[in-house]
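Just below is one structure, and these are the notes that go with it.
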Amino acid sequence: MNKFIEISIYTFIFHILCYVLWLVLIVPAEGPTNIEELGSLVYLPHAGRVLPVIFFGWQAIPAVLVAEFLEWEFLWSGGDIFRGTIATTISTLAVLSTWFIFFLLGLDLNQSDVLKNTNWKHVFLFIFVASLLNGLGNGAWYASIFDETDALISVRFMVGDVVGATIMLVMLVLFYPMFKNFQK
Amino acid sequence: MSKVTKELSNLNKMLSNMHNDLGLSGLNPTEQYIFLKIIDEIETNSTCSMLKAVEVADKSRSTVYKTIRKLVNIGVLSIENSSSDKRSFLLKPLI
């Protein structure tokens, strides 16, 4: 199978899995979304964005974008204010920009000798930077459409992304022995 | 062979490193399950006593106590006296 297609399939399935887990476990606990409390504080799908880009590079981006559009279009049943096409694109661009910044600085986690994607602390650095850019981007976007500047939107997006990706990684680690057993 | 074997092996290595660094590498699936249940209880109710751990894990008392002792020994959990009830022992995650 073509490598790009294989990467896209893995990325798409993992992103959908993260999103469904978030819909089932986190969204009911957080309650209805309103403008004052925009942005989930435990956004698990952030792991679905960053992990494929960290391990597969830019080739994972199209699948992330398609998965996000389909999720918000067909799986999301909450209010319309929460997410739109532009916000989804900003989130994906934030991850792409992070990868590009790391690449330009010679810190690409796949190829550089400085940062390695096998070191979870380096992976967290990427997650943190991607969350920062996503928070700033979406904060600016929602500030422009609501005509109201609220730094808390950026902070909530950033904290939600970091916490969500961390929880998803910890869940992967806790279930890691099961994956190893599958290989036997 | 998959075209992305190298990338997947890197992911495998990262999870393995994280697993070791968090001190979880010596736990069997039952112990991991009990640990997960304890963490879940702490996340939900902000506290988990040893008795509650037996209840939520739905395993025998000796299995849960043995697991808690192991988790304490490897530095993943600590046991503290409850300030409200001195007879109760609370579990605190250290990672």
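The values are calculated or read from the model by the stated rules, or taken from the named source; none is laboratory data. Every value quoted in this text rests on a predicted model; they were computed, and no experiment measured them. As a convention, Cβ positions derive from the backbone with ideal geometry for all residues, glycine included, and neighbour counts pool all protein chains shown. What goes into the accessible areas is simple: the full protein's heavy atoms, side chains included, and nothing from ligands, DNA or RNA. Shrake-Rupley method; radii C 1.70, N 1.55, O 1.52, S 1.80 Å.
Structure notes:
- Residues with amide H under 5 Å from that of B:Leu77, placed H, sequence gap 5 or more: B:Val72, B:Leu94
- With all protein chains modelled, accessible area of A:Trp120 [1.4 Å, Å²]: 50 Å²
- List of segment A:1-17 residues, accessible area with partners at least 20 Å² below that of the chain alone (1.4 Å probe): A:Met1, A:Lys3, A:Glu6, A:Tyr10
- Over 18 Å apart at the Cα level, from the set A:Lys3/A:Lys121; A:Lys116/B:Lys13; A:Lys121/B:Lys13; A:Lys121/B:Lys92; B:Lys66/B:Lys86, are A:Lys3/A:Lys121; A:Lys121/B:Lys92; B:Lys66/B:Lys86.
- Going by accessible surface with a 1.4 Å probe and the largest first, B:Asp58, B:Asp21 read B:Asp58, B:Asp21.
- Value of [θ]222 nm, deg cm²/dmol, for the protein assembly as shown, DSSP H segments ≥ 4, -39500 (n - 2.57) each, nearest 500: -21000 deg cm²/dmol
- A simple packing score, the average count of other Cβ atoms within 10 Å per residue, orders the peptides B:72-84, A:159-171 as A:159-171, B:72-84, with the highest score first.
- Taken over the alpha carbons of chain B as equal point scatterers, the Debye sum produces base-10 log I(q)/I(0) values at 0.12, 0.19, 0.20, 0.26 Å⁻¹ of -0.45, -0.87, -0.94, -1.38.
- Quotient of the Cα radius of gyration of the protein assembly as shown and 2.2 N^0.38 Å, N being its number of residues: 1.09.
- Surface analysis of chain B yields an accessible area of 59 Å² per residue, using protein heavy atoms and a 1.4 Å probe.
- Residues of segment B:13-34 buried by at least 50 Å² of accessible area upon assembly of all protein chains, compared with the chain on its own (1.4 Å probe): B:Met14, B:Leu15, B:Met18, B:His19, B:Gln32.
- Taking the accessible area of the protein assembly as shown, probe 1.4 Å, and keeping the other protein chains in place, the carbon and sulfur fraction comes to 63%.
- Solvent-accessible area buried by pairing B with A, both sides, nearest 100 square angstrom, 1.4 angstrom probe: 2200 Å²
- Accessible solvent surface per residue of chain A, calculated while the other protein chains remain in place, 1.4 angstrom probe, Å²: 48 Å²
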